[in-house]
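Asker: Below is a structure I'd like to ask you about.
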2 protein chains.
Amino acid sequence: MVPLAEQYPWTTLPFIVGAPMRQLAMARLAVEVSAAGGFGFIGAGESLDEVDSYLEQAASLVKGHELLQTYYEKSGVLPVGFGFFDWAPAEDLEKCMVAVKKWKPAAVWQFGAYKNQDYAVWAEKIRKMGEGKTQVWIQVGSVADALEVAKTARPDVLVVQGTDAGGHGLETGAGIISLLPEVADALDATGITDINLIAAGGIMDGRGVAATLVLGANGACLGTRFLASEEANIGNGYRQEVIRASDGGMNTARTKIYDKLRGTTLWPVGYNARGVLNQSFHDHNAGLALEENRKLYDEAMKQGDAGWGVNGRITTYAGTGVGLVKSVMKGGDIVKELQQQALRRLEAVTPKL
Amino acid sequence: MVPLAEQYPWTTLPFIVGAPMRQLAMARLAVEVSAAGGFGFIGAGESLDEVDSYLEQAASLVKGHELLQTYYEKSGVLPVGFGFFDWAPAEDLEKCMVAVKKWKPAAVWQFGAYKNQDYAVWAEKIRKMGEGKTQVWIQVGSVADALEVAKTARPDVLVVQGTDAGGHGLETGAGIISLLPEVADALDATGITDINLIAAGGIMDGRGVAATLVLGANGACLGTRFLASEEANIGNGYRQEVIRASDGGMNTARTKIYDKLRGTTLWPVGYNARGVLNQSFHDHNAGLALEENRKLYDEAMKQGDAGWGVNGRITTYAGTGVGLVKSVMKGGDIVKELQQQALRRLEAVTPKL
């Protein structure tokens, strides 16, 4: 297995990934994360027409960071990645492949396939269009999926997403406390030893990062924490709700109602998304008809920042650890703080024993 | 804060706790865990008439372990604990208090109160009857409960239970990856610094133990892993199902159906329990009437070991990490293996960075 820091030589350890949050993590945040020694992903989601422009913007922003720019010029690899949903129409995904060929992002992150075999199909295309420069990352949420995807798509990286994650993921699942080590053992048992594992779901600070490393991950991926970065493409109302919300086990839930209100209908069976509880959620649980709930949602959308919040109706996707996010920071400072905290925790605990 | 290893001087680090699993963790397992340097709890549950005999048995078994017996003779503290459910009738809990006065177990573990204030009431009684020798542990599953219980009952130890845990817990919750650090921060912010934190839920091996330490816990509590100990008071069919089951995020669920079939009806609103999916669960989800499901359950109960399993109907309570439990070991060997694995993981990860 090639260590991640060799594979992506602009990175430093512990290995920190900025999740490809759709519409929220764009070129600005991705480049900021990579420039600080992490690996930033752009959340292309299903807006695949725009991938070319996202990567063009990233390539332009990279010029502002000497280390990244030098790497880009020498290697021809754009030191960010982007993520797409495999459930998007194939013709849109093909447009992505053209962008891969043109920009050679360091990795493409697949998620949300209708069937695991789809990942292998697109992995092959990504590898071909990337001409050996673009690696394949695939996110899974169960041991069974991890094994099947590892065997069939042979990704360079498996992102193992625990059920604490914000946004979309499997309806049922385990936290990374048990999921990550079981995936690691299952891969070992099949003799697959060349796939790096990135843990995702509930990681908010250096303590979580350190925990993923001792659990057996090669790095940690954070989404919610980066929502509170200056570079996130996020409404102020959303960001303030991330700062406000706490006790995420009680005040977030995995649900389909937010997708229904937002009109996102293409997610495969078995997926839902975790968000902060709000009035839409409570009304839905109290039996309000979807049609009526959607009308109220559409009205809230016109309120701007006031539409978010516990009495609001606009969706605040966030993980169970949302209560650990207390302030807005530069994305690069978040990366460095995560790394320093993780090291401090490991050093603090290890010699005491 | 008094370090746990000073407070309970027969223990070694990392601090390992055997959970008070009702009917499953009895005196034999508890003493085995304590004799190996852990802290073993007896799961009295609501069978409170028998607490006196459980502790008598523990005191007798302690004689077989020189270190424990010496400690017991010198301190007058029985080096095991027991756990009860606060929802049990008050007259039964009063009988427990008599047993506390007689045997002075090192700790009593409270869980499942109808309201958080009940913990404070019984904490005071435990302290009085324990005459300074018996400490108070309380298990919580949210940041809000942790704060309220810490302020009102002032336990010596808070057990912070993540939603990955097997058996009973809150219906909704977070994994310890985010719950434990948020509880730690919330207590710090209120100036409460004298309560040790034990993490529970999804911890199965030394990787999980090491993770809890870097997350900020002072020790780790395991239940499911000890089901596969030689000393657990468990049917062979149950134990074999724990060994067999895997991918617990997909193959266990938090549900009330097992309580309903078993006739356990006194748990407070907001609690359910995590168990391995079986035929009872699937039939319930498919709409089978409870009465009919219970009839089938009662028949399965007569089958003995064959009544468990994926096609069986007897309940297999277990956590999401059940797939990491692969063999039956002596409880003491489990404790030592957990400690060694945790140290190895911390040592392996720390210098690499």
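Asker: Would you say A:Arg313 is among the basic types (Lys, Arg) and within 14 Å of chain B (Cβ to nearest Cβ)? Quick ask: steps written out before the conclusion?
Answerer: On the way: among the basic types (Lys, Arg): yes; within 14 Å of chain B (Cβ to nearest Cβ): no.
When the stated conditions are applied, A:Arg313 does not pass them.
Asker: So, one more: Suppose the filter is of a type outside the set (Lys, Arg) and surrounded by fewer than 14 Cβ atoms within 10 Å (Cβ to Cβ); does B:Asp298 pass it?
Answerer: Yes.
Asker: Please go through region A:223-242 and pick out each residue that is within 14 Å of chain B (Cβ to nearest Cβ) and of a type outside the set (D, E, K, R).
Answerer: A:Gly223, A:Thr224, A:Val242
Asker: Could you list, in sequence order, all residues of region A:49-83 that are outside any helix (DSSP H, G or I) and in contact (Cβ under 8 Å) with a residue 60 or more places away in the chain? Can you show your working first?
Answerer: Kept after step one, since they are outside any helix (DSSP H, G or I), are these residues of region A:49-83: A:63-65, A:76-83.
Of everything in region A:49-83, those that are outside any helix (DSSP H, G or I) and in contact (Cβ under 8 Å) with a residue 60 or more places away in the chain turn out to be A:Pro79, A:Gly81, A:Phe82, A:Gly83.
Asker: Out of B:Ala199, B:Ala220, report the one residue that is surrounded by 24 or more Cβ atoms within 10 Å (Cβ to Cβ), within 14 Å of the chain's Cα centre (by Cα) and more than 9 Å from chain A (Cβ to nearest Cβ).
Answerer: Details: B:Ala199 fails: more than 9 Å from chain A (Cβ to nearest Cβ).
Every option except B:Ala220 fails the conditions.
Asker: Would you check if B:Val214 is touching a helix residue (DSSP H, G or I) at 6+ places or on another chain (Cβ under 6 Å), more than 8 Å from chain A (Cβ to nearest Cβ) and crowded, with 24+ Cβ neighbours inside 10 Å?
Answerer: no
Asker: Right, something else. Just checking, does region B:118-140 include any residue being polar (S, T, N, Q), within 20 Å of B:Leu170 (Cβ to Cβ), part of a strand (DSSP E or B) and out of contact with any Ser or Thr (no Cβ under 9 Å at 6 or more places or on another chain)?
Answerer: Yes - at least one qualifying residue is present in region B:118-140.
Asker: Continuing with the same structure: Working only within region B:32-48, note down all residues that are in contact with a strand residue (DSSP E or B) (Cβ under 6 Å, 6 or more places away or on another chain) and in a helix (DSSP H, G or I). It would help to see each step written out before you state the result.
Answerer: Filtering region B:32-48 down to residues in contact with a strand residue (DSSP E or B) (Cβ under 6 Å, 6 or more places away or on another chain) leaves B:33-34, B:38-46.
Those that are in contact with a strand residue (DSSP E or B) (Cβ under 6 Å, 6 or more places away or on another chain) and in a helix (DSSP H, G or I): B:Val33, B:Ser34.
Asker: Of the residues A:Arg254, A:Arg207, which single one is touching a Ser or Thr at 6+ places or on another chain (Cβ under 8 Å) and either within 10 Å of chain B (Cβ to nearest Cβ) or at pLDDT 95 or above (or both)?
Answerer: Details: A:Arg207 fails: touching a Ser or Thr at 6+ places or on another chain (Cβ under 8 Å).
Among A:Arg254, A:Arg207, only A:Arg254 is touching a Ser or Thr at 6+ places or on another chain (Cβ under 8 Å) and either within 10 Å of chain B (Cβ to nearest Cβ) or at pLDDT 95 or above (or both).
Asker: Suppose we keep only residues that are in contact with an Asp or Glu (Cβ under 7 Å, 6 or more places away or on another chain) and within 11 Å of chain A (Cβ to nearest Cβ) within region B:126-171. Which one would you say is surrounded by the fewest Cβ atoms within 10 Å (Cβ to Cβ)? It would help to see each step written out before you state the result.
Answerer: So in region B:126-171, the residues in contact with an Asp or Glu (Cβ under 7 Å, 6 or more places away or on another chain) come out as B:135-137, B:142-144.
With within 11 Å of chain A (Cβ to nearest Cβ) added as a condition, the list becomes B:142-144.
Details: B:Ser142: 24, B:Val143: 25, B:Ala144: 17.
It comes out as B:Ala144.
Asker: Right, something else. Inspect region A:71-81 for any residue being among the small types (Gly, Ala, Ser), within 25 Å of A:Met204 (Cα to Cα) and in contact with a Pro (Cβ under 9 Å, 6 or more places away or on another chain) and give the result as yes or no. Outline the logic, then answer.
Answerer: Here is the first cut: in region A:71-81, the residues among the small types (Gly, Ala, Ser) are A:75-76, A:81.
Those left that are additionally within 25 Å of A:Met204 (Cα to Cα): A:81.
Still in the list and also in contact with a Pro (Cβ under 9 Å, 6 or more places away or on another chain): A:81.
Yes, the conditions are met somewhere in region A:71-81.
Asker: Any idea which of A:Gly263, A:Gly275, A:Gly235, A:Gly249 is touching a residue at least 40 places away in the same chain (Cβ under 8 Å) and surrounded by fewer than 19 Cβ atoms within 10 Å (Cβ to Cβ)?
Answerer: On inspection, the qualifying residue turns out to be A:Gly235.
The values are calculated or read from the model by the stated rules, or taken from the named source; none is laboratory data. No experiment lies behind these values; they were computed from the predicted model shown. Counting neighbours? That spans all protein chains shown, and the Cβs are built from the backbone with ideal geometry, glycine included.
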